[in-house]
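Just below is one structure, and these are the notes that go with it.
The values are calculated or read from the model by the stated rules, or taken from the named source; none is laboratory data. As the structure is a prediction and not an experimental result, all values here were calculated from the model. Here the Cβ positions follow ideal geometry from the backbone for every residue, glycine too, while neighbour counts run over all protein chains shown.
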Amino acid sequence: MKIKKQLKGNRIAPLFHSLKEKNNKALTLFITAGYPKKNSTVPLALRIAESGADIIELGMPFSDPLADGPVIQTSSQQAIKNGITLKLVLAQVKEIRKHCEIPLILMGYLNPILHYGENKFFADAKKAGIDGIILPEVPLEESARFLSLNRKYNLADILFVSPATPEKRIREIDKTASGFIYCVSTTGVTGKSNIGNIGSYIKRVKKNAVKNPVLVGFGIKTPADARNIARHADGIIIGSALIKKITQKEPLLKIGKWAADMKRALH
Amino acid sequence: MKLRQSQLQKYSYPDINGFFGKYGGRYVPETLMQALFELDELYRDAVKDKAFKKEFTSMLKSYAGRPTPLTFSDRLTDHYGRGKIYMKREDLCHTGAHKINNTVGQILLAKRSGKKRIIAETGAGQHGVATATVAAKIGLQCVVYMGEEDIHRQELNVHRMKMLGANVVPVTTGSRTLKDATSEAIRDWVTNVDNTFYIIGSVVGPHPYPMMVRNFQCIIGEETFKQILSAEDKLPSILVACVGGGSNAIGMFYPFLGKNVQMIGVEAAGCGLNTQKHAATLSRGTPGVLHGSFSYLLQDKNGQVDLAHSISAGLDYPGVGPEHSALKDSGRVKYVSITDNQALRAAGLFTRLEGIIPALESAHAIAYLEKLMPSTTKKDVIVVNLSGRGDKDMMTYARELN
């Protein structure tokens with residue numbers, strides 16, 4: 001009964017269920033909505049979806065993205081200049097949904113959401129076809145009101161753990177989270193550092209996060225990084241490395257091929 | 001001007017989670033949470049420790065130059081012919097502004113924490129200088145983030161920081177002012193949280209910073225309390241202070257919150273409140289989240305943070321401390337604003353009458369006297385927090401006043 005409801009309302013749990021059956025790992029790809037052009041979002045999302053992405057994470061641009069490195073900062077600034085707004089992002093989500101059923105999550109900073117009206121935003125996001133909203137400025141302590149909105153609209157409670165998170169806290173986060181846990185590879189901002197040897201860290205997270213899939217993100221650049229991490233984690237999240245390709249104006253075809261290579265590395 | 005009894009009730013903000021009513025909190029990435037818990041504990045242990053208190057007090061006295069005088073501004077008082085005007089002389093602190101009260105406190109915490117690397121953000125450069133100063137004194141490595149725009153308009157302070165051994169990192173993103181310098185400092189902290197102590201310069205940021213910075217700064221109000229009682233045998237009727245992030249104002253106001261004293265915070269109206277170019281966050285902003293806390297914020301119709309403008313780099317910030325937001329909503333403190341031109345005129349007048357060149361920030365507080373004084377009587381006693389001296393602003397004064 002519970003699984004049936006999940007299948008109906010949210011696409012994330014069924015995805016991990018089927019990946020597990022195939023002994024496969026999740027590839028989550030992040031793109032900044034409205035970048036490089038205001039209307040780039042939909043064709044880019046559809047291309048990476050058909051090239052092997054399992055989840056698409058859409059970044060909602062904010063003027064002051066604290067958790068992001070220079071690559072995503074620059075893309076956010078450009079997207080705002082392009083005129084992207086939360087309303088437009090949701091319209092683009094609806095457009096993507098016309099074509100595919102890939103799990104779609106939003107990533108964004110709080111202020112534009114509060115300004116939109118948090119209740120209305122979560123409701124509209126659900127209506128548009130979103131499966132979860134990642135809020136990098138909302139730690140467990142400030143999460144209660146957003147978790148209750150997630151429950152109301154059957155959205156995933158995606159929470160972060162980082163190398164600074166103690167084991168007891170990982171267990172608390174795991175208890176509260178649903179969908180997956182976003183495991184930050186290193187202390188720092190997106191896209192900056194290179195992935196070192198983080199096997200023992202991921203093992204520590206996996207040992208304590210028993211309920212949810214663990215997806216590792218920040219700093220993953222190459223198929224080799226992907227392969228290394230997939231040995232321990234349930235999937236990976238790539239943002240800056242992809243945005244860089246988009247910034248360098250690589251054609252959709254090449255971006256699709258890059259995504260397919262990444263997915264192959266996870267098998 | 002009598003205050004309602006309800007406004008004088010005992011005040012105990014923030015709560016354990018760092019909220020001043022609905023304002024404040026810890027809206028930061030998970031990576032920083034452990035560091036914030038540790039800082040909270042470090043601070044709470046330190047203030048219970050007599051040795052820490054002694055070291056803090058002694059360093060403020062023998063190094064920062066406290067207590068600062070409370071100066072009767074007789075010629076300015078005569079100029080308006082109404083209430084008596086006093087200046088709390090934070091301009092006489094070592095490094096030229098109140099900022100050092102807080103950096104002394106935080107550097108002693110850093111020493112306790114064992115972290116060897118100090119980072120800070122700065123707007124006008126006063127907090128950067130105050131941080132570089134105490135880092136040199138304690139012997140710790142110091143990195144200061146400063147917007148490129150501010151580096152140009154506060155060149156003198158950049159030279160001071162460099163001479164003090166700090167590495168000044170220009171910030172070229174966004175508005176290239178304090179807002180972006182703060183974002184970069186937070187990004188550095190997220191990255192180097194293991195070995196780095198972040199000294200925030202105002203009552204902003206995630207808990208425990210707004211509380212901690214206030215408590216280090218409230219030495220200003222505590223001294224004023226004693227000094228005005230000894231000079232006038234009564235408490236002041238009105239306190240006036242400028243508000244950017246709000247650390248000098250809260251430092252002055254806090255010890256008086258439970259007393260029958262009126263308080264006025266003066267924001268920067270830049271080119272005017274009806275233009276797009278101002279920094280009057282409390283007067284014109286709406287609540288939102290920036291740099292780790294929920295507070296009033298200048299933002300556009302899509303919830304993107306607006307650029308602030310003020311001739312004074314220290315007030316040029318689109319946010320404000322969460323405690324000020326709560327004090328505004330409760331009506332306990334009145335927030336007003338002063339334009340660039342009004343501040344410049346006041347600085348000129350004040351300098352000629354009193355022989356003190358004020359910082360542009362403090363000139364905003366002084367300028368409000370023009371509006372305030374006609375409503376006062378000879379029985380009133382007004383204390384203005386002269387938060388800093390004007391040496392750093394000489395290029396601006398030379399350009400604008402001649």
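Which one of these is at negative phi and assigned to a loop (DSSP other than H, G, I, E, B): B:D188, B:D180, B:D194? Show your work before the answer.
Working: B:D188 fails: assigned to a loop (DSSP other than H, G, I, E, B); B:D180 fails: assigned to a loop (DSSP other than H, G, I, E, B).
The conditions single out B:D194.
Here the helices (runs of 4 or more DSSP H) wholly within segment A:213-267 that include at least 1 residues being within 23 Å of A:A13 (Cα to Cα) are A:223-230, A:252-265. When only residues in segment A:135-151 that are among the aliphatic types (A, V, I, L, M) and part of a loop (DSSP other than H, G, I, E, B) count, which is farthest from the other protein chains (Cβ to nearest Cβ)? That would be A:L135.
Considering only residues in segment A:142-197 that are charged (D, E, K, R) and under 25 Å from B:D188 (Cα atoms), the one that is surrounded by the most Cβ atoms within 10 Å (Cβ to Cβ) turns out to be A:E142.
Search segment A:19-39 for residues being in a loop (DSSP other than H, G, I, E, B) and surrounded by fewer than 20 Cβ atoms within 10 Å (Cβ to Cβ), and hand back the single one that is nearest to the other protein chains (Cβ to nearest Cβ). So that I can check it myself, show each step before the final result.
If we filter segment A:19-39 for residues that are in a loop (DSSP other than H, G, I, E, B), which is where we start, we get A:22-25, A:33-39.
If we keep only those that are surrounded by fewer than 20 Cβ atoms within 10 Å (Cβ to Cβ) too, we end up with A:22-24, A:36-39.
Values: A:K22: 30, A:N23: 29, A:N24: 27, A:P36: 18, A:K37: 18, A:K38: 13, A:N39: 18 Å.
Looking at the filtered set, the residue picked out is A:K38.
Could you look through segment A:230-261, keep only residues that are over 18 Å from A:L58 (Cβ atoms) and in contact with a Leu (Cβ under 9 Å, 6 or more places away or on another chain), and pick out the one that is surrounded by the most Cβ atoms within 10 Å (Cβ to Cβ)? Don't jump to the end; show me each part of the working.
Going through segment A:230-261, the residues over 18 Å from A:L58 (Cβ atoms) turn out to be A:230-234, A:248-251, A:253-254, A:257-258, A:260-261.
Remaining after also requiring in contact with a Leu (Cβ under 9 Å, 6 or more places away or on another chain): A:230, A:233-234, A:258.
Working: A:A230: 19, A:A233: 28, A:D234: 23, A:W258: 20.
Residue satisfying both the conditions and the ranking: A:A233.
When B:D306 is tested against (1) within 14 Å of chain A (Cβ to nearest Cβ); (2) buried (at least 24 other Cβ atoms within 10 Å of the Cβ); (3) more than 21 Å from B:R214 (Cα to Cα), just one condition goes unmet, and that condition is (2). Within segment B:154-176, the set of residues being modelled with pLDDT under 95, crowded, with 21+ Cβ neighbours inside 10 Å and either within 12 Å of chain A (Cβ to nearest Cβ) or over 18 Å from the mean Cα position of the chain (by Cα) (or both) comprises B:S175 only.
With respect to the conditions (1) under 23 Å from A:Y182 (Cα atoms); (2) at the interface with chain B (Cβ under 10 Å from one of its Cβ atoms); (3) buried (at least 23 other Cβ atoms within 10 Å of the Cβ); (4) not charged (D, E, K, R), A:L114 falls short on a single one, namely (3). Quick check: anything in segment B:172-183 touching a residue at least 60 places away in the same chain (Cβ under 8 Å), hydrophobic (A, V, I, L, M, F, W, C) and within 24 Å of B:P29 (Cα to Cα)? Taking every residue of segment B:172-183 in turn, at least one turns out to be touching a residue at least 60 places away in the same chain (Cβ under 8 Å), hydrophobic (A, V, I, L, M, F, W, C) and within 24 Å of B:P29 (Cα to Cα). Criterion applied to B:S362, B:S293 was being within 22 Å of B:H98 (Cβ to Cβ), within 14 Å of chain A (Cβ to nearest Cβ) and at pLDDT 95 or above, and the one residue passing it is B:S293.
Considered as a group, the residues in segment B:183-215 that are among the hydroxyl-bearing types (S, T, Y) and at the interface with another protein chain (Cβ under 9 Å from one of its Cβ atoms) include one that is nearest to the chain's Cα centre (by Cα), and that residue is B:S183. Can you confirm whether segment A:54-70 contains a residue that is in a helix (DSSP H, G or I), within 14 Å of another protein chain (Cβ to nearest Cβ), closer than 28 Å to A:P139 by Cα and in contact (Cβ under 8 Å) with a residue 60 or more places away in the chain? Among the residues of segment A:54-70, at least one is in a helix (DSSP H, G or I), within 14 Å of another protein chain (Cβ to nearest Cβ), closer than 28 Å to A:P139 by Cα and in contact (Cβ under 8 Å) with a residue 60 or more places away in the chain, which makes the answer yes. Selection within segment A:155-171: residues that are under 17 Å from the mean Cα position of the chain (by Cα) and assigned to a loop (DSSP other than H, G, I, E, B). The member of this set that is nearest to the other protein chains (Cβ to nearest Cβ) is A:S162. Please give the number of the condition A:S193 fails out of (1) modelled with pLDDT under 95; (2) away from chain B (no Cβ under 12 Å). Of the numbered conditions (1) modelled with pLDDT under 95; (2) away from chain B (no Cβ under 12 Å), the odd one out for A:S193 is (2).
For segment B:328-343, filtered to residues that are surrounded by 20 or more Cβ atoms within 10 Å (Cβ to Cβ) and touching a Leu at 6+ places or on another chain (Cβ under 8 Å), the residue that is farthest from B:A367 (Cα to Cα) is B:K328. A single entry from B:I119, B:I85 fulfils the requirement of being assigned to a strand (DSSP E or B), under 23 Å from the mean Cα position of the chain (by Cα) and closer than 24 Å to B:Y317 by Cα: B:I119. Among the residues in segment B:122-144, are any within 14 Å of chain A (Cβ to nearest Cβ) and either modelled with pLDDT of 95 or more or more than 21 Å from the chain's Cα centre (by Cα) (or both)? No: segment B:122-144 contains no residue that is within 14 Å of chain A (Cβ to nearest Cβ) and either modelled with pLDDT of 95 or more or more than 21 Å from the chain's Cα centre (by Cα) (or both). Could you figure out which of (1) within 14 Å of another protein chain (Cβ to nearest Cβ); (2) at pLDDT 95 or above isn't true of A:G132? Just one mismatch for A:G132, condition (1). Please indicate, with yes or no, whether at least one residue in segment B:283-290 is away from every other protein chain (no Cβ under 12 Å) and either acidic (D, E) or farther than 20 Å from B:L70 by Cα (or both). Among the residues of segment B:283-290, at least one is away from every other protein chain (no Cβ under 12 Å) and either acidic (D, E) or farther than 20 Å from B:L70 by Cα (or both), which makes the answer yes. Among the residues making up segment B:1-40, those that are part of a helix (DSSP H, G or I) and either at pLDDT 95 or above or closer than 26 Å to A:F218 by Cα (or both) are B:E30, B:T31, B:L32, B:M33, B:Q34, B:A35, B:L36, B:F37, B:E38, B:L39, B:D40. For A:A49, indicate whether it is assigned to a helix (DSSP H, G or I), surrounded by 24 or more Cβ atoms within 10 Å (Cβ to Cβ) and free of Cβ contacts under 8 Å to residues at least 60 places away in the same chain. When the stated conditions are applied, A:A49 does not pass them.
Please work out if A:S75 is under 30 Å from B:L178 (Cβ atoms), in contact with a strand residue (DSSP E or B) (Cβ under 9 Å, 6 or more places away or on another chain) and either part of a helix (DSSP H, G or I) or modelled with pLDDT under 95 (or both).
Values: under 30 Å from B:L178 (Cβ atoms): yes; in contact with a strand residue (DSSP E or B) (Cβ under 9 Å, 6 or more places away or on another chain): yes; either part of a helix (DSSP H, G or I) or modelled with pLDDT under 95 (or both): yes.
Spelling it out, A:S75 is indeed under 30 Å from B:L178 (Cβ atoms), in contact with a strand residue (DSSP E or B) (Cβ under 9 Å, 6 or more places away or on another chain) and either part of a helix (DSSP H, G or I) or modelled with pLDDT under 95 (or both).
Number of residues in segment A:78-97 that are part of a helix (DSSP H, G or I) and at the interface with chain B (Cβ under 8 Å from one of its Cβ atoms): the value is 2.
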